[in-house]
Every structure is written in structure tokens, then in C-alpha cells.
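*Asks:* Sharing a structure, written as C-alpha cells. Questions coming.
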Amino acid sequence: MRSTLTDIAREAGVSAATVDRVLNNRAGVRARTREVVLETAQRLGYIAENSNPSSLNAVTGEVIRLDFALPAGTNSFIKMLHRQIEAQAQARPDLDVRVATIEGFNPDRLARLLQELHGQTQGVGVIALDHPTVREAIRSLSASGVKVVTIASDILHVPRVAYIGIDNRAAGRLAGYLLNRFMGAGRPGKVALFAGSLSYRGHEEREMGFRHILTEESPNLQIVEMREMLDDREKAYSEASALLDRHPDLAAIYNVGAGNTGIARALKERGRALSTVFLGHEVTEGTKELLLDGTLDAVIDQNPRVEAREALNTLSHAVRGLPYELHQPRLQVIFRESIPEI
């Protein structure tokens with residue numbers, strides 16, 4: 001089946017109207033966006049590969065080795081990102097891409113993996129825990145000439161090429177804004193926070209943004225508890241169950257990380273699915289079902305297709321010493337009536 005404009009738009013992270021403008025050579029599209037759309041259209045077979053070769057296609061030479069370090073576990077978004085990296089890499093004969101997963105939230109284990117890549121790779125993409133051993137491992141890799149990008153959650157004060165992901169503090173503020181609108185101005189209520197691990201700067205930034213906007217605009221809402229679930233749905237279920245038993249009048253839950261299905265299970269078992277405002281992150285098969293049945297009220301999404309594409313492009317350009325204009329994923333709010341294909 002031939003790809004459509006909608007397929008290209010979804011893969012490229014732009015609107016169908018933008019795709020139409022690019023393919024018909026109309027004005028009003030940035031050069032970098034035009035390049036991304038053309039690359040996507042070529043990869044999906046919508047247009048011939050030689051119809052408008054990109055700068056990457058013009059580069060010849062050795063195959064570049066890239067490695068990615070991602071957390072293991074039940075996090076559906078990470079699994080989607082993993083699949084996207086591997087799928088897009090298969091369409092890139094100029095790249096040799098390998099993905100390793102690390103069990104548990106163990107910074108020393110992640111640091112050892114990064115150290116083992118010395119002399120084995122030319123570029124590394126990592127969802128990294130913000131910890132001294134991990135920072136030193138990244139500094140050591142970079143000093144040896146390996147190009148590094150952080151994905152989804154950033155680390156400051158390390159020599160990385162780029163951070164690829166959404167503004168997580170803005171995402172937390174957006175969650176707070178949505179909650180205020182769902183609750184209604186001035187309505188008091190108890191709110192609970194869940195996170196995968198605050199060792200991820202991204203999760204910490206979401207929490208910070210959420211707390212700030214509630215303090216600024218919703219002093220009537222009281223954050224009663226904050227729980228870390230290590231992005232495990234069973235732990236999320238047990239923590240949510242205990243929380244709901246302690247606070248039978250809980251009005252809302254904001255889940256910063258994964259484990260939405262576990263929280264939803266606890267809400268449903270107690271008959272609280274439709275009476276408790278529930279906000280989460282990432283459009284996955286699990287969150288789609290929860291949006292459809294009304295358990296989740298809204299999901300704040302980042303596009304793993306875009307993150308995978310930009311990580312591969314950023315690293316390969318950096319290794320080749322070529323300039324590259326990073327095209328970051330957009331921060332999107334998804335409701336039941338606007339669920340995209342995934």
C-alpha cells in the first residue's frame with residue numbers, strides 16, 4: 001500500500017498542509033523542515049530517492065557506528081523509541097546502529113556500559129540518569145572523540161552535541177494548567193504526583209514546572225504526596241492503591257513518567273476512574289485505551305519517531321563534521337477526540 005500525505009506528516013512530525021507545500025515546492029516552509037519532509041517522503045517510497053537528494057545522501061565514505069543506551073522495563077514510550085531507532089536505522093545503509101538496554105535505575109551500571117563503548121563507537125545516544133558517575137562517563141567518551149546526545153531527559157554540564165526532546169519544565173507547567181482548567185477555578189482539592197525516578201532530570205523538571213504553576217495559579221489545590229515508581233506498572237499499581245486508600249477524597253493525579261496502566265487499574269478497582277482527574281504522558285497503546293474509556297483525561301505527548309530521527313541525524317552529521325539544524329519534537333496535548341495513529 002502506497003504511503004499517503006498523512007503518513008509522511010506523522011513520520012516527519014509536521015502537518016499534512018506542510019507536506020503538501022513541500023512536495024509542491026510552495027513557499028512558506030523552513031529549509032530544515034523541507035529537508036525533513038523530503039527525506040521522509042523518500043524513505044516511505046512516496047517519491048523517488050534521487051528526486052531531491054539531501055546532504056546526507058551526498059556524503060559517501062565509511063559506515064558510521066552509533067550506539068544507544070536505553071532503560072529496560074515496562075515503559076511503553078521507551079519501547080516505542082527503541083523500535084523507532086532500529087527501524088529508521090535499517091533504512092540508513094550509512095549507519096551501523098546498536099541499542100543496549102540497562103535493567104533498573106542504576107547509574108553505575110549505565111556508566112560502565114558507556115565506558116565499555118570506548119574505542120567501539122563513533123556516537124552515543126543516551127537516556128541518562130543525572131548522576132556523577134554517568135556525567136564522568138559522558139565526559140570521558142566525549143574527550144575520546146565520541147559524539148554524544150542526550151534523549152528525552154537532559155544532563156547539564158557535560159560535553160554533549162545536543163539534547164533531543166521536549167522542554168520538560170514546560171510540560172510540567174502545561175500539566176498544571178490543564179489540571180487547573182479541569183478542576184475549575186477556585187475549587188479546592190488534593191493532588192498526588194507520581195514519577196518514574198527523579199534521578200531523571202526530565203522527571204524532576206516536570207515536577208518542578210507542575211508545582212510552580214499550581215503555586216502561582218491554583219493555591220486551592222494541595223499536593224499531598226509524591227511517589228516514585230521506577231517506571232514499573234506493578235509498582236505503580238501498588239503505590240496508587242495505597243495512596244487512594246489513604247486519601248479517599250483525592251481529586252487528581254499527575255503521572256510524570258510511565259506506569260499509567262497500573263495507576264488506572266487502582267482507580268478502576270475503587271470506582272474512582274471517572275471521578276478523579278488523571279493526567280499523564282506519552283501516547284501508547286495503553287494510554288490510548290485509557291483515554292477512550294475516560295480514565296485518562298489528557299496525555300502530554302512527545303514524538304518518538306521524531307526523536308529517533310533527530311538522534312540519528314544529529315550524531316551522523318556530528319561524526320562527519322557537517323552542520324545540522326536540529327528539529328525538536330513538538331509538545332502536544334492529546335485528548336480522547338484527538339488520538340493520533342502510533
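The values are calculated or read from the model by the stated rules, or taken from the named source; none is laboratory data. Here the structure is a predicted model, which means the values were calculated and not measured. Neighbour counts run over all protein chains shown; Cβ positions are idealised from the backbone, glycine included. All accessible areas refer to the heavy atoms of the entire protein, side chains included, with ligands and DNA or RNA removed. Shrake-Rupley method; radii C 1.70, N 1.55, O 1.52, S 1.80 Å.
*Asks:* Across the stretch 95-109, which residue is nearest to residue 72 (Cα to Cα) among those that are open to solvent by less than 40 Å² (accessible area, probe 1.4 Å) and over 19 Å from the mean Cα position of the chain (by Cα)?
*Replies:* 107
*Asks:* If you go through the stretch 214-248, how many residues are in contact (Cβ under 8 Å) with a residue 40 or more places away in the chain and closer than 12 Å to residue 270 by Cβ?
*Replies:* Here the count works out to 3.
*Asks:* Follow-up question, since we're still on this one. Looking for something over 23 Å from residue 166 (Cα atoms), modelled with pLDDT of 90 or more and under 26 Å from the mean Cα position of the chain (by Cα) - is there at least one such residue anywhere in the stretch 48-60?
*Replies:* Among the residues of the stretch 48-60, not one is over 23 Å from residue 166 (Cα atoms), modelled with pLDDT of 90 or more and under 26 Å from the mean Cα position of the chain (by Cα), which makes the answer no.
*Asks:* What pairs come out if I take residues in the stretch 12-40 that are outside any helix (DSSP H, G or I) and pair them with residues that are open to solvent by 10 Å² or more (accessible area, probe 1.4 Å) and of a type in the set (Asp, Glu) whose C-beta lies under 9 Å away, six or more apart or interchain?
*Replies:* Cβ pairs passing all conditions: 26/20; 30/325.
*Asks:* Do you know which residues across the stretch 65-112 are in a loop (DSSP other than H, G, I, E, B), touching a Lys or Arg at 6+ places or on another chain (Cβ under 7 Å) and under 20 Å from residue 234 (Cβ atoms)?
*Replies:* Answer for the stretch 65-112, where residues must be in a loop (DSSP other than H, G, I, E, B), touching a Lys or Arg at 6+ places or on another chain (Cβ under 7 Å) and under 20 Å from residue 234 (Cβ atoms): just 74.
*Asks:* Can you tell me which residue is nearest to the chain's Cα centre (by Cα) among those in the stretch 147-181 that are among the β-branched types (Val, Ile, Thr) and open to solvent by 10 Å² or more (accessible area, probe 1.4 Å)?
*Replies:* 161
*Asks:* Out of (1) farther than 13 Å from residue 163 by Cα; (2) part of a loop (DSSP other than H, G, I, E, B); (3) aliphatic (A, V, I, L, M), the odd one out for residue 326 is which?
*Replies:* (1)
*Asks:* Pull up the stretch 2-26, narrow it to residues that are farther than 22 Å from residue 307 by Cβ and basic (Lys, Arg), then point me to the one that is surrounded by the most Cβ atoms within 10 Å (Cβ to Cβ).
*Replies:* Among those that are farther than 22 Å from residue 307 by Cβ and basic (Lys, Arg), it is 21.
*Asks:* Of the residues 206, 160, which single one is more than 20 Å from residue 260 (Cβ to Cβ) and basic (Lys, Arg)?
*Replies:* None of the others qualify; the one that does is 160.
*Asks:* Going by the structure shown, is residue 206 closer than 17 Å to residue 278 by Cα, without any contact (Cβ under 8 Å) to a residue 24 or more places away in the chain and part of a helix (DSSP H, G or I)?
*Replies:* Criteria not met by residue 206.
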